[in-house]
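Each reported figure results from applying straightforward, stated rules to the coordinates on display, with no laboratory input. Here the structure is a predicted model, which is why all the values come from computation and not from measurement. Cβ sites come from the backbone with ideal geometry, for glycine too, and all protein chains shown count toward neighbours.
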Amino acid sequence: MPWPPQGLYTKKAVNSAADLKGIKWRAYSPATARIAELVGAQPVTVQAAEVSQAFATGVTESMMSSGSTGADTKLYEHVKFWYDTQAWLPKNALIVNKKAFDALDKPTQDAVLKAAADAEVRGWAASKKTNTESLEKLRAGGMQILPPSAALKSDMKKVGDTMLTEWLAKAGDEGKALVDAFKKP
């Protein structure tokens, strides 16, 4: 089940990562804190329930999150820009014990696989609908929904490349094999 894609919320217009230097960036995980560091922003820990207040009071000026986060928290009251960076597309996954699955009879396995495939289709459709409706709410509230400039897109790709390199250094050969398999056409 996918969540809507992540974009960049900012109080001011942003054309490149240089425009993010020194601003307060909501960090809700080690990864989002690292993104802030790599663009020269100041990571600030803010819990989801406090997002709107943090933007209203100047505790934070930017963050990466989905359109639904902004719509749910009425962020359009405090923030004027959301850049559709498609930074990542979070997904929930259901993991099944292979031994338990293999122990099921064939009709039950088929029923489980069909239910999973149907749920995946419904999940993608629900995520797309939520994303569209959320961006419409942001726009209706006065927020500008914009594509990232070429420079911002390039700068964020460099951030991603750096973070991947750092992760690969920790993950070793097994991590490299996983990334290589993912990148195969």
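Of note:
- The helix-based estimate of mean residue ellipticity at 222 nm for the chain, built from -39,500 (n - 2.57) per DSSP H run of four or more residues and divided by its residue count, is -17500 deg cm²/dmol to the nearest 500.
- Most to least packed among 111-120, 71-80, 88-97, 145-154 [average Cβ atoms within 10 Å]: 71-80, 145-154, 111-120, 88-97
- Separation of alpha-carbon centers, the stretch 70-95 and the stretch 108-170, rounded to whole Å: 9 Å
- Checking every one of the trypsin sites (Lys or Arg not before Pro) in the stretch 21-71 against DSSP loop status and a limit of 15 other Cβ atoms within 10 Å picks out K21.
- Semi-axes of the equivalent ellipsoid for the stretch 6-173, Cα gyration tensor, largest first, Å: 34, 22, 14
- For peptides 134-143, 166-175, 57-66, sequence by mean Cβ density within 10 Å, most packed first: 57-66, 134-143, 166-175
- Kyte-Doolittle mean at least -0.5, axial Cα span of 27 Å or more - DSSP H helices of the chain: 150-183
- Greater than 19 Å apart at Cα, pairs in K11/K129; K12/K74; K157/K183; K21/K91; K80/K128; K80/K157: K11/K129; K21/K91; K80/K128; K80/K157
- When the chain is described by a simple charge dipole with +1 on each Lys and Arg Cβ and -1 on each Asp and Glu Cβ, the residue from T165, F55, L113 located farthest towards its positive end is F55.
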